[in-house]
Amino acid sequence: MKEEKSPNIEIMIANEAHYGYVDLILETVAKAAKARGTGIASRTHDYILQKMKDGNAVIAFVDGQWAGFCYVETWSNKKFVANSGLIVSPEFRGMGLAKAIKHRAFELSRTKFPDAKIFGITTGLAVMKINTEIGYRPVTFSELTDDPEYWKECEACINFDVLKRNNYTRCLCTGMLYDPAEHVGNEMPWKKKEEAKESKIEKWKNALKKIFSLPIANGTYKGKNKDIEH
Ligand SMILES: CC(C)(COP(=O)(O)OP(=O)(O)OC[C@H]1O[C@@H](n2cnc3c(N)ncnc32)[C@H](O)[C@@H]1OP(=O)(O)O)[C@@H](O)C(=O)NCCC(=O)NCCS
């Protein structure tokens with residue numbers, strides 16, 4: 001039987017080794033926007049490159065192949081942070097990559113901008129699910145940044161006329177907000193799950209180590225308190 005190899009997934013803060021991926025990222029975003037018939041924050045080559053230079057981007061690889069991307073932006077004098085431009089390459093969708101990338105971007109945002117509220121706007125169910133799990137809640141646009149530069153991104157969206165007609169107060173996207181003040185002592189629940197999983201594995205490893213290092217001779221273990229007969 002052929003052995004199934006699990007893919008090697010790497011998720012990291014983008015650095016100079018990744019500058020060469022900017023065009024591929026932009027191309028994939030453009031194709032996805034066309035396929036969805038809606039807007040995804042479209043940015044220039046220089047903008048994405050600068051995000052990488054500033055350590056404000058997360059990039060993912062599967063078996064060494066580029067697989068996904070997301071970047072962090074600050075708005076309203078760093079009172080708000082957005083985790084934007086999430087994209088996963090079509091061949092790697094459905095394996096939890098978007099979730100892992102968003103988790104990494106969230107950690108990055110909380111570390112670099114601990115006082116900022118984190119927000120996003122989306123029409124995508126996947127992003128709504130991921131954000132809700134992190135602790136975002138749906139809000140009206142009045143709760144989000146009023147930085148005009150942020151809303152300028154929407155000009156590339158086919159629904160921009162709806163936003164403009166409503167004086168930037170509502171559109172087809174749902175606004176989602178994570179306010180750190182509402183999660184004191186209860187952040188990043190997935191980390192706790194991962195830690196619990198790791199400690200379970202460690203426990204098993206230690207138990208197995210103990211068993212295999214027992215001084216078994218002639219089928220008899222002379223333990224501290226009792227003998228175990230085979
Ligand atoms: C949306 C996108 C980022 C999801 O990437 P992904 O790696 O396939 O997502 P994940 O595997 O991490 O899935 C995360 C969750 O969303 C769900 N999900 C994924 N794609 C979905 C879809 N198209 N519709 C509904 N739910 C979806 C998953 O079931 C999972 O939910 P669960 O935690 O309850 O199991 C990817 O399809 C993509 O790049 N699309 C084009 C760009 C885009 O839409 N970006 C978002 C702009 S707001």
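The values are calculated or read from the model by the stated rules, or taken from the named source; none is laboratory data. These numbers come from a predicted model, not from an experiment. All Cβ positions, even for glycine, are placed from backbone atoms using ideal geometry, and neighbour counts span all protein chains on display.
Worth a mention:
- Among residues of segment 115-129 that are under 13 Å from Ala105 (Cβ atoms), those with a Cβ under 8 angstrom from a residue that is within 6 Å of the ligand (Cβ to nearest atom), sequence gap 6+ or separate chain, pair up as Gly120/Val127; Val127/Leu86; Val127/Ala98.
- Only listed residue being more than 10 Å from the ligand (Cβ to nearest atom) and in contact with a strand residue (DSSP E or B) (Cβ under 9 Å, 6 or more places away or on another chain), chosen from Tyr136, Tyr168: Tyr136
- Elements of type helices (runs of 4 or more DSSP H) in segment 53-164, at least 2 residues being charged (D, E, K, R) and in contact with a helix residue (DSSP H, G or I) (Cβ under 9 Å, 6 or more places away or on another chain): 97-112, 125-134
- Among (1) more than 26 Å from Asp115 (Cβ to Cβ); (2) more than 12 Å from the ligand (Cβ to nearest atom) - the single one Ala30 does not satisfy: (2)
- Any hit, segment 21-32, residues being of a type in the set (Phe, Trp, Tyr), touching a residue at least 12 places away in the same chain (Cβ under 8 Å) and over 22 Å from Thr174 (Cα atoms): yes
- Test: residue in segment 7-20 that is in contact with a strand residue (DSSP E or B) (Cβ under 9 Å, 6 or more places away or on another chain) and either under 29 Å from Asn159 (Cα atoms) or assigned to a helix (DSSP H, G or I) (or both): yes
- Matching residues in segment 108-129 - criterion: being surrounded by fewer than 20 Cβ atoms within 10 Å (Cβ to Cβ), of a type outside the set (S, T, N, Q) and within 16 Å of the ligand (Cβ to nearest atom): Gly124, Leu125, Ala126, Met128, Lys129
- Single residue of segment 33-48 satisfying the filter (surrounded by fewer than 19 Cβ atoms within 10 Å (Cβ to Cβ) and at pLDDT 90 or above) that is farthest from the ligand (Cβ to nearest atom): Asp46
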